[in-house]
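Heads up, the thing below is written out as structure tokens.
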Amino acid sequence: MRIPKYRRSLSSRLFSALFRGVNWLIPWHRLPTPLGALNLLAFRDVLREKNLYDTSTDEADIQPPSPPSPRVFYTRTADGSYNDLDNPSMGCAGARFGRNVPLENTYPEEGAAIFSPSPRVVSRRLMTRETFVPATTLNLLAAAWIQFQIHDWFSHGGDPVNDDFILDLEKDDPWDDKETDPLKKGRMYIARTDADPTRCPADAGRPPTYVNKDSHWWDASGVYGSDEKTAAKLRSGVDGKLKVENGRLPIDPETGITISGFTDNWWIGLALLHTLFSLEHNAICDSLRLEYPYWSDEQLFQKAHLINAALMAKIHTVEWTPGILAHPTLKLAMNANWSGFVGEKLYKIFGRISKSEGISGIPGSPVNQHAAPFALTEEFVSVYRLHPLIPDEIEIRELATDRLLKRLTFPEVAFKAAATVIDDQVCVEDVFYSFGTSHPGAITLHNYPRFLQDLTKLDGTRADVAATDIMRDRERGVPRYNEFRKHLRLPRVKSFEALTKNKKWAAEIREVYEGDIDRVDLMVGLFAENPPKGFGFSDTAFRIFILMASRRLKSDRFFTTDYNAKVYTQCGMDWINSNGMASVLLRHYPELTPALRGVNNPFAPWTRAK
């Protein structure tokens with residue numbers, strides 16, 4: 001199904017033109033807060049019209065299950081199908097990623113150009129963490145949270161076993177020190193992204209496309225899975241609840257990893273949040289059962305899933321985002337995304353007073369796909385490469401006394417080892433407290449975790465994640481930094497000194513890219529860029545966020561036309577409206593009360609025990 005071409009109204013065009021003139025003199029983040037928020041709305045209107053591109057063809061469209069169950073009208077499906085009833089395959093698992101730049105600009109470079117400069121050289125010289133640079137306005141839960149959400153949003157799938165990209169190594173590269181295969185000496189192998197199985201004759205000559213193995217929708221698939229088989233494995237079969245044993249999720253005996261909806265790249269931070277929101281699901285089931293004692297296990301499960309997913313979306317919108325983008329304009333804008341410019345207090349009293357998303361927020365407003373069928377985009381994936389958030393080690397401290405219990409390197413809390421952190425000496429409340437009182441890393445150059453530059457995966461293969469991320473952007477045709485800015489109507493950066501105020505970094509980038517500013521990779525530019533005051537990442541990355549953060553809500557039937565008591569129940573609407581990250585934490589771990597006392601944002605540093 002094709003989406004009609006989207007055209008902005010005359011008032012929107014005039015509004016955008018006004019702020020375009022203002023921004024010649026004053027950037028949006030230096031305007032008074034209300035004007036800055038209106039400036040962001042103007043940006044979003046333009047992006048909705050000019051930066052949404054459909055990569056699918058009619059021949060490649062996935063055929064959803066048929067005929068549909070009647071429950072698709074009032075509950076989410078596991079794979080995301082039937083969210084849009086007129087286009088049932090839109091956004092479902094296995095659907096293609098979209099694009100935020102014109103398709104003719106998404107062909108990957110050919111021949112030697114795609115390897116220039118070597119992604120491994122970029123990783124070693126520009127990414128390697130020299131000393132840990134903390135993001136002092138955040139706590140470590142903020143780092144865990146974004147990975148928790150990414151697991152809901154996208155996955156390109158596992159790596160194939162052949163047809164690798166091959167990078168030649170520099171003579172002093174330590175990668176070879178662990179290489180036992182003599183045929184691989186002096187080389188690094190990066191597997192290509194899984195091929196798109198939906199490619200068809202109509203795609204001949206078109207840029208490469210890739211599919212999302214997860215549901216594209218904001219539906220908590222990280223907790224619930226993106227297929228019925230996974231969802232069934234997680235359920236207890238009683239009162240709609242998920243399997244939780246003695247406050248912990250069960251461990252898969254075959255893998256040693258927790259059983260949940262999506263467990264790739266597992267570590268203790270993910271274990272905390274998957275467990276927390278599985279417990280929250282079960283608490284929602286208890287509340288619903290009191291209101292609807294005649295409901296079946298299936299009814300309770302599906303409605304609790306719907307409510308839990310919306311609560312996570314709310315937390316991300318009004319708490320996590322203003323936490324990592326700590327700017328007063330952003331706080332106003334993100335609250336307006338959820339509750340409108342009338343504000344949360346009036347929204348809770350009167351509910352929606354207008355169909356306008358600006359006045360009363362996106363949830364409950366009319367659904368709109370704007371310029372393309374809903375899909376997350378390759379550019380969205382690229383701007384969420386936030387690995388510098390991960391520290392080198394984690395201190396586990398006692399909640400009651402702040403006494404150091406363990407100091408663990410990151411590999412000691414990852415994969416199977418995540419299950420060993422909580423033991424006879426350490427309880428889950430200690431770990432939450434430790435995350436709340438620790439800092440993640442700042443998202444900058446020279447702050448990439450060293451262990452991720454030589455990561456041994458569960459299958460025994462090794463990867464430099466930084467080099468892989470650079471190669472992924474090039475392989476998938478994501479434009480390099482200056483070209484990326486051009487398509488977002490941002491001025492081209494004309495020199496390395498204009499890219500970053502750090503003179504040392506400017507010299508290093510110039511050397512790596514042999515003096516060609518237009519060759520700078522997107523991730524390098526985003527990490528080097530000087531962000532607005534209070535921002536945890538760059539303004540260039542933020543332009544994609546302006547568009548896609550709203551789109552994840554505005555395109556979704558369950559956040560728009562079906563966000564109401566008829567679908568969610570009044571009990572469910574009240575649950576979403578009255579809860580946030582702090583109340584979720586305290587419901588399941590009331591011992592955390594002293595640490596959260598006086599903390600305005602649960603993703604900011606907590607109060608230390610004395």
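The values are calculated or read from the model by the stated rules, or taken from the named source; none is laboratory data. This one's a predicted model, so the numbers in the text were calculated from it and none came from an experiment. Reconstructed Cβ throughout: ideal geometry from the backbone, glycine too, with neighbour counts over all protein chains shown. We work out accessible area using only protein heavy atoms, side chains counted, and drop any ligands, DNA or RNA first. Shrake-Rupley method; radii C 1.70, N 1.55, O 1.52, S 1.80 Å.
The residue that is nearest to the chain's Cα centre (by Cα), counting only those in the stretch 471-495 that are free of Cβ contacts under 8 Å to residues at least 60 places away in the same chain and open to solvent by less than 10 Å² (accessible area, probe 1.4 Å), is Tyr481. Annotation note: of Ser287, Ser278, the sole residue that is open to solvent by less than 10 Å² (accessible area, probe 1.4 Å), under 19 Å from Val584 (Cβ atoms), part of a helix (DSSP H, G or I) and not aliphatic (A, V, I, L, M) is Ser278.
Looking for something surrounded by 14 or more Cβ atoms within 10 Å (Cβ to Cβ), touching a strand residue (DSSP E or B) at 6+ places or on another chain (Cβ under 9 Å) and either assigned to a loop (DSSP other than H, G, I, E, B) or modelled with pLDDT under 90 (or both) - is there at least one such residue anywhere in the stretch 145-157? Yes, the stretch 145-157 has at least one match. From the list Thr540, Thr569, the lone residue that is under 17 Å from Asn100 (Cβ atoms) and polar (S, T, N, Q) is Thr540.
Can you pull out the residues in the stretch 170-201 that are of a type in the set (S, T, N, Q) and free of Cβ contacts under 8 Å to residues at least 24 places away in the same chain? Within the stretch 170-201, just Thr180 meets the criteria. Total residues in the stretch 17-53 satisfying the condition of being modelled with pLDDT under 95, under 27 Å from Thr106 (Cα atoms) and either polar (S, T, N, Q) or not in a helix (DSSP H, G or I) (or both): the figure is 0. Of the residues in the stretch 165-174, at least one is hydrophobic (A, V, I, L, M, F, W, C), more than 24 Å from Pro449 (Cβ to Cβ) and surrounded by fewer than 22 Cβ atoms within 10 Å (Cβ to Cβ). Taking first residues from the stretch 410-429 that are more than 23 Å from Gly441 (Cα to Cα) and partners that are part of a helix (DSSP H, G or I) and open to solvent by less than 60 Å² (accessible area, probe 1.4 Å), the Cβ contacts under 7 Å between residues at least 6 apart in sequence or on separate chains come to Ile422/Val428; Ile422/Val431. Restrict the check to the stretch 61-76 and report whether at least one residue is under 25 Å from the mean Cα position of the chain (by Cα), surrounded by 21 or more Cβ atoms within 10 Å (Cβ to Cβ) and modelled with pLDDT of 95 or more. Yes: one or more hits.
For the stretch 512-525, enumerate the residues that are touching a residue at least 12 places away in the same chain (Cβ under 8 Å) and either farther than 13 Å from Glu483 by Cα or of a type in the set (Phe, Trp, Tyr) (or both).
Residues satisfying the conditions are Val512, Tyr513, Glu514, Val524.
Looking only at the stretch 460-470, residues that are free of Cβ contacts under 8 Å to residues at least 12 places away in the same chain and buried (at least 22 other Cβ atoms within 10 Å of the Cβ) come to 0 in all. Scanning the stretch 77-98 for residues that are touching a helix residue (DSSP H, G or I) at 6+ places or on another chain (Cβ under 6 Å) and at negative phi turns up Ala78, Asn83, Phe97.
Scanning the stretch 68-100 for residues that are within 19 Å of Lys554 (Cα to Cα), of a type outside the set (A, V, I, L, M, F, W, C) and without any contact (Cβ under 8 Å) to a residue 60 or more places away in the chain returns Thr77, Ser81, Tyr82, Pro88, Ser89.
Would you confirm whether or not the stretch 93-116 contains a residue that is closer than 30 Å to Val567 by Cβ, open to solvent by 10 Å² or more (accessible area, probe 1.4 Å) and not in a loop (DSSP other than H, G, I, E, B)? Looking through the stretch 93-116, at least one residue is closer than 30 Å to Val567 by Cβ, open to solvent by 10 Å² or more (accessible area, probe 1.4 Å) and not in a loop (DSSP other than H, G, I, E, B).
Picking from Arg485, Arg462, Arg476, which residue would you name as being modelled with pLDDT of 95 or more and in contact with an Asp or Glu (Cβ under 7 Å, 6 or more places away or on another chain)?
Values: Arg485 fails: in contact with an Asp or Glu (Cβ under 7 Å, 6 or more places away or on another chain); Arg462 fails: modelled with pLDDT of 95 or more.
Among Arg485, Arg462, Arg476, only Arg476 is modelled with pLDDT of 95 or more and in contact with an Asp or Glu (Cβ under 7 Å, 6 or more places away or on another chain).
Checking each residue in the stretch 409-459 for being over 22 Å from the mean Cα position of the chain (by Cα), surrounded by fewer than 17 Cβ atoms within 10 Å (Cβ to Cβ) and assigned to a loop (DSSP other than H, G, I, E, B) picks out Asp423, Asp424, Gln425, Leu458, Asp459.
Does Phe603 fit the bill of being in contact (Cβ under 8 Å) with a residue 60 or more places away in the chain, hydrophobic (A, V, I, L, M, F, W, C) and under 22 Å from Leu273 (Cα atoms)? Judged against the criteria, Phe603 is a match.
Yes or no, residue by residue, for (1) open to solvent by 60 Å² or more (accessible area, probe 1.4 Å); (2) farther than 27 Å from Arg248 by Cβ; (3) among the β-branched types (Val, Ile, Thr):
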{"site": "Thr569", "(1), (2), (3)": "no, yes, yes"}
{"site": "Asn577", "(1), (2), (3)": "no, yes, no"}
{"site": "Ser583", "(1), (2), (3)": "no, no, no"}
{"site": "His588", "(1), (2), (3)": "no, no, no"}
{"site": "Arg597", "(1), (2), (3)": "yes, no, no"}
{"site": "Asn600", "(1), (2), (3)": "yes, yes, no"}
{"site": "Trp606", "(1), (2), (3)": "no, no, no"}
